[in-house]
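Engineer: This is the structure I want to talk about, given as structure tokens.
What follows draws every value from the coordinates through simple rules; no lab data is involved. What you see is a predicted model, and the numbers here were worked out from it, not measured in a lab. Heads up, the Cβs are rebuilt from the backbone with ideal geometry, glycines too, and the neighbour counts pull from every protein chain shown.
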Amino acid sequence: MIPLLIGLTLIVFLILHLAPGDPVDLMVGPNVTPEVYENITKKLGLDRPLYVQYFTFLKNILRGDLGTSILKNVPVKDLIAERLPITLTLGVLSLLVSFAIALPIGIQAAKHRNKPVDYLSMTFALLGISIPTFGLGLSLLYIFAYKLRWFPVSGYGTLKHLVLPVFTVGLTDAAVTARMVRSSMLE
């Protein structure tokens, strides 16, 4: 388990390091004096050897220090803490919607094996698996938010804001879960 975590942190570190663009340029822009550029590079530790940067990165992660956002200049853990409740709400509600749809469909498909109900259910599941989540989300957004104006296009704060994202994720997850429920019941 520990080697896996170390390997993952190394991969994340290398991907971040190899990503195009210069973090100092993102912070201060291209029209900065060489002295300021060098000071910020030194402050961020980007002038150190790669292995030293990695061990500093690892030490900071173990301490819970995720650094400061380059774009917003606030601690990353504050940004995560601000958005985590919204993410958890969407995740839990999507899971409930998924189960509410998938369990009855999967059970009925298993009870009526090789009959029209089964074929219809598994066609729904196959479509749900085949359609990418972002495609379904954009379609639902276009129909229900833009054309019909039943739901807001963006934002968060009311139940209406949750409906489209929750159903988008819930429907795509329901397709996979319905197939698993059917298979489990037939075994």
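Engineer: Quick one: among Pro104, Pro116, Pro75, which has the greatest mean-square fluctuation in a GNM of the chain with alpha-carbon springs under 10 angstrom?
Structural biologist: Pro116
Engineer: When 1/r is averaged over all different Cα pairs and the result inverted, which Kirkwood radius in Å belongs to region 2-65?
Structural biologist: Kirkwood radius, region 2-65: 13.1 Å.
Engineer: For the chain, what does the relative contact order come out to in percent, with C-alpha contacts under 8 Å and a separation of six or more?
Structural biologist: 23
Engineer: Which of the aspartates and glutamates could be linked to Lys42 by a straight reach, that is with a Cα gap under 17 Å, when you skip same-chain ones fewer than 8 residues away?
Structural biologist: Reachable aspartates and glutamates: Asp22, Asp25.
Engineer: Mind checking which of Thr87, Thr33, Thr168 has the largest fluctuation in a GNM of the chain, springs on alpha carbons under 10 Å?
Structural biologist: Of Thr87, Thr33, Thr168, the most mobile in the Gaussian network model is Thr33.
Engineer: Calculate the translational D of the chain in whole µm² s⁻¹ from Stokes-Einstein, where the hydrodynamic radius comes from the Kirkwood formula applied to all Cα pairs, the temperature is 4 °C and the viscosity 1.567 mPa s.
Structural biologist: Roughly 62 µm²/s, to the nearest whole number.
Engineer: Specify which residue in the list Phe55, Leu14, Gly29 is farthest towards the positive end of the charge dipole of region 2-65, using unit charges on the beta carbon of Lys, Arg (+1) and Asp, Glu (-1), about the Cα centre.
Structural biologist: Phe55
Engineer: Ok, one more. For Ile40, what is the net charge nearby, where nearby means another residue's Cβ is under 12 Å from its Cβ and Lys, Arg count +1, Asp, Glu -1?
Structural biologist: So the surrounding residues net to -3.
Engineer: A further question on this structure: Choose one answer from Gly21, Gly91, Gly170: the residue with the largest mean-square fluctuation in a GNM of the chain with alpha-carbon springs under 10 Å.
Structural biologist: Gly21
Engineer: In terms of Cα to Cα distance under 19 Å, which lysines are near enough to Lys147, apart from those fewer than 8 places away along the same chain?
Structural biologist: Lys160
Engineer: I need the per residue convex hull volume for region 79-186, using only the alpha carbons, in cubic angstrom as a whole number.
Structural biologist: Residue-normalised Cα hull volume stands at 108 Å³.
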